[in-house]
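The values are calculated or read from the model by the stated rules, or taken from the named source; none is laboratory data. Just so you know, these numbers come straight off a predicted model, no measurement behind them. Counting neighbours? That spans all protein chains shown, and the Cβs are built from the backbone with ideal geometry, glycine included. Calculation scope for accessible area: heavy atoms of the full protein, side chains included, ligands and nucleic acids excluded. Shrake-Rupley method; radii C 1.70, N 1.55, O 1.52, S 1.80 Å.
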Amino acid sequence: MTCWPVRKVDVRGCQLAVVLEGQGLPILFVHGFPLDHSMWDHQIEALSKEFLVIAPDLPGFGASGPLNVEVQRMEDFADSLSELLTVLGIRDRVVFCGLSMGGYIAWQFWRRHADRLRALILCDTRAAADTSEVAQQRITNAERVLKEGPEFFVEMMISRLFSPRQLAENSPVVDRIRQVMRGTSPQTIAACLRGMAQRVDARAWLGEISLPTLVVVGEEDALSTPAEMEEIAAAIPGAKFVKIPGAGHLAPLENPSAVNQAILQFLRDLS
Ligand code: MLT
């Protein structure tokens, strides 16, 4: 794992930690839940050789300041990221690359800040809203995390995020992600669970997306399945769809070389 230098910038009253590496076309990497920028370690390494990589910790996560809300809406994350680009002086349109919750934020970023976008990369995410059962389970988990702490939730997430092979081998990356999740405050976990439970269904928007789009999914992703992601790609005009072998929900960490190759090819075709 590389410890990238992190800058702290004030964004809408929250100190955001952000890694900025390289030069050229800016790519904004938005992590999943409850993670931080380090899940993009391999992408920062490979892509900063040709592009400007911007990898923040979202408000409340990693080394960023706390989230002081009960419900964190995906819209608010999108607005904070737009403001982050302003504060960093990024005027060029960016490629927005989001994983899972980062993808939920991508739909809102596209709706609210389309003039900032050059292209979209959607990794292991969903366009559908939660069913009422899933939303209710998130609310229950939010309350339990606030009462008992995040440990039960972290172990539940670990078993869902990785492919069976990574879990069976108990590879070091599994423990690294466990530590990142344990470091996330119960308030942040609860606020995001509630926000995700309320998020709107983005499927009706997919046909209106006219940006170059890459859709990437781990072949063994049980949370945002290849079948569901293939449907997302089919609904976005001209979108490319890539399945990553030997990976679950955290494809960029589980099979970084295949993910980097797909992203590099996509970005080179843009320029
Ligand atoms: C994530 O990886 O961001 C989460 O799995 C998103 C979710 O809980 O829906």
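Computed values, structure above
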item	result
Of all residues in region 27-41 being of a type in the set (A, V, I, L, M) and within 13 Å of the ligand (Cβ to nearest atom), the one that is nearest to Cys192 (Cα to Cα)	Leu35
Residues being of a type in the set (S, T, N, Q) and more than 20 Å from Met157 (Cβ to Cβ) - total across region 200-230	2
Residue that is nearest to the ligand (Cβ to nearest atom), among those in region 83-106 that are open to solvent by 10 Å² or more (accessible area, probe 1.4 Å) and touching a residue at least 12 places away in the same chain (Cβ under 8 Å)	Ser100
Residue check, Gly207 part of a strand (DSSP E or B), touching a residue at least 12 places away in the same chain (Cβ under 8 Å) and of a type outside the set (Val, Ile, Thr)	no
Flag for Arg73 being surrounded by 17 or more Cβ atoms within 10 Å (Cβ to Cβ), under 15 Å from the mean Cα position of the chain (by Cα), farther than 30 Å from Arg7 by Cβ and not aliphatic (A, V, I, L, M)	no
Among residues of region 180-204, those that are of a type in the set (Val, Ile, Thr), part of a helix (DSSP H, G or I) and open to solvent by 10 Å² or more (accessible area, probe 1.4 Å), counted	1
Yes/no for Gln137 being without any contact (Cβ under 8 Å) to a residue 24 or more places away in the chain, within 11 Å of the ligand (Cβ to nearest atom) and over 23 Å from Ala78 (Cβ atoms)	yes
All positions within region 7-50 that are touching a strand residue (DSSP E or B) at 6+ places or on another chain (Cβ under 6 Å) and surrounded by fewer than 18 Cβ atoms within 10 Å (Cβ to Cβ)	Arg7, Lys8, Val9, Gln15, Glu21, Gly22, Gln23, Gly24
Close pairs from region 236-255: first within 16 Å of the ligand (Cβ to nearest atom), partner aromatic (Phe, Trp, Tyr) and modelled with pLDDT under 95, Cβ under 8 Å, at least 6 apart	Gly248/Phe162; His249/Phe162; Leu250/Phe162; Glu254/Phe162
